[in-house]
Structures are given as structure tokens and as C-alpha cells.
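The values are calculated or read from the model by the stated rules, or taken from the named source; none is laboratory data. Nothing here was measured: the structure is a model prediction, and the numbers come from that model. As a convention, Cβ positions derive from the backbone with ideal geometry for all residues, glycine included, and neighbour counts pool all protein chains shown.
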Amino acid sequence: MIERETNERVRALAFQLQKKGKVLCGDSFFMKTTEDYFVCSLADGLGSGELAHESSQAISDLVEMHHEENVEQLLIRCNQALKEKRGATVSIFKMAFADQQLSYGSIGNIRFVLYNPAGDFVYPLPVLGYMSGKPQKFKINSYSYQPGAKFIVHSDGLKISAIKSLLRDYDTVEHISDALESYTLDRDDDLTYIVGQIF
Ligand SMILES: [Mn+2]
């Protein structure tokens, strides 16, 4: 499954495949761009199949409903919604176009990498654990980015070590996606990635 979200500031492409033999995907994502920002969430429900899907889908639904809120507010809201559910690893980020600031918050094994055209990478270290409705504090990181920046966020179903050079060397989200194709074939888990470029 491929989805696109584009305006004059950002072009994003999401790719998702469920674990082999499963009907439902345990990963869920949401992305939206407005005139002012791009917001994206990716959640990997614990386990696989229906209960995993239910947890991760709750994250996407809430971010869709409240996308104007900041990343910390969204994470707190999502955490409350997982109280009676199995749990999920979650990343949410927002890129504000006016001041070119990225705010990023996450818990668990979702990975995010941003490449700036000046040559530096933003690579938030994952926070151990998962979201389960227990009270917890979320650390929000802020980074600046420049026009021409490219990013990827992906669940642990995508196993790739050379992700930085891929972001650096390929110039469009389509080319990055093409280069990722071979990594999606022999998956042993639900697999989701979202790649984007900033103009
Ligand atoms: Mn997974």
C-alpha cells in the first residue's frame, strides 16, 4: 500500500505491508500537511494481527482528529487512549514550515532519520519501552532543518543499516522508495516507512 501527501512545502510517501500471512497490519501511520506544518505519526502495535492493529490505529485516529496540537499534547492524548489496549511503540513529529523547526517525540523502536542538505543528520536516539496508558513523561526534541532536507520514519519491520547514505544519495522520495524495495521483500514483521522531502 502506498499513500502520498504533498503540497508546495513537502512531498511525502508512505509504504506499508503487513506481515506475511496476516490480513491486518499491526502498524498504523497518519500524515497530513497544512499550509503551516507537516505532521506524521507511526505506531507499531505490540504483537501482530487484530489487537496490534487496534492499538496502533487508535494512535492514527487521535492524531488525525487533533493534528493542530503540539507533539507533547498528542503523545499524552495517545497514551491515555491505550489504557485498555495492548500497547504500541509510537513516534510523532511535526515540521513547522515558518521557522523550519522539527519537533519529535517517541517511545520504543520506531526509527527516524533526517538528512539536511548541509550534510548533517538528525537521528534521535530511541527511548526504550512502549506506550501502554501508564503515566509517563515524554521528551520532545527540537531540531532545525533546511529546505532540501529528506527524512524517513520506519517501523522495525524494515531492517536496513545504510539508511543514512540512502537519504543522502537519492534525490526524490520515489527514488528512495525504489531503493528500499528489496528490503521489503523478505520481511518477518509488519513493515511501514514514510519518506519525505522538504522544499
Ligand atoms: Mn514491528
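The residues in region 154-178 that are surrounded by 18 or more Cβ atoms within 10 Å (Cβ to Cβ) and more than 13 Å from the ligand (Cβ to nearest atom) can be counted, and the count is 7.
Of the strands (runs of 3 or more DSSP E) lying entirely inside region 47-123, those containing at least 1 residues that are in contact (Cβ under 8 Å) with a residue 60 or more places away in the chain are 88-96. What about GLY87, is it out of contact with any helix residue (DSSP H, G or I) (no Cβ under 8 Å at 6 or more places or on another chain) and either buried (at least 19 other Cβ atoms within 10 Å of the Cβ) or within 18 Å of ARG187 (Cα to Cα) (or both)? For GLY87, the condition - out of contact with any helix residue (DSSP H, G or I) (no Cβ under 8 Å at 6 or more places or on another chain) and either buried (at least 19 other Cβ atoms within 10 Å of the Cβ) or within 18 Å of ARG187 (Cα to Cα) (or both) - is not met.
Looking only at region 96-144, which residues are of a type in the set (Val, Ile, Thr) and out of contact with any helix residue (DSSP H, G or I) (no Cβ under 9 Å at 6 or more places or on another chain)?
Just the residues of region 96-144 that are of a type in the set (Val, Ile, Thr), to begin with: 107, 110, 113, 122, 127, 140.
Of everything in region 96-144, those that are of a type in the set (Val, Ile, Thr) and out of contact with any helix residue (DSSP H, G or I) (no Cβ under 9 Å at 6 or more places or on another chain) turn out to be ILE110, VAL122, VAL127.
Which residues, counting only those in region 15-51, are among the small types (Gly, Ala, Ser) and modelled with pLDDT under 95? Explain how you work it out, then say what you get.
To start, the set of residues in region 15-51 that are among the small types (Gly, Ala, Ser) comprises 21, 26, 28, 41, 43, 45, 47-49.
Listed by number, the residues that qualify are GLY21, GLY47, SER48, GLY49.
Listed by first and then second residue, the pairs linking a residue in region 156-167 that is part of a helix (DSSP H, G or I) to a residue that is away from the ligand (no atom under 16 Å from the Cβ) and among the charged types (D, E, K, R), with Cβ atoms under 9 Å apart and 6 or more places separating them unless they lie on different chains, are LEU167/LYS150. Note on region 135-155: residues that are among the charged types (D, E, K, R), farther than 29 Å from THR184 by Cβ and touching a residue at least 12 places away in the same chain (Cβ under 8 Å) amount to 1. You will find that of PHE30, PHE15, the residue that is without any contact (Cβ under 8 Å) to a residue 40 or more places away in the chain and out of contact with any Lys or Arg (no Cβ under 9 Å at 6 or more places or on another chain) is PHE30 and no other. Go through ASN70, ASN109, ASN116 for me and flag whichever is away from the ligand (no atom under 16 Å from the Cβ) and within 17 Å of the chain's Cα centre (by Cα). ASN70 is the lone residue from the list that is away from the ligand (no atom under 16 Å from the Cβ) and within 17 Å of the chain's Cα centre (by Cα).
Can you tell me which residues in region 1-42 are in a strand (DSSP E or B) and either farther than 27 Å from HIS175 by Cβ or acidic (Asp, Glu) (or both)?
The first filter runs over region 1-42 and keeps only residues in a strand (DSSP E or B), leaving 2-6, 10-17, 27-33, 37-42.
Scanning region 1-42 gives GLU3, GLU5, ASP27.
If the condition is being among the hydroxyl-bearing types (Ser, Thr, Tyr) and either within 12 Å of the ligand (Cβ to nearest atom) or under 18 Å from the mean Cα position of the chain (by Cα) (or both), then region 180-195 contributes TYR183, THR184, THR192, TYR193. Selection of region 21-52 for residues being surrounded by fewer than 23 Cβ atoms within 10 Å (Cβ to Cβ) and within 13 Å of the ligand (Cβ to nearest atom) yields LYS22, LEU46, GLY47, SER48, GLY49. When PHE138, PHE151 are checked against the criterion of being away from the ligand (no atom under 16 Å from the Cβ) and part of a loop (DSSP other than H, G, I, E, B), a single residue qualifies: PHE138.
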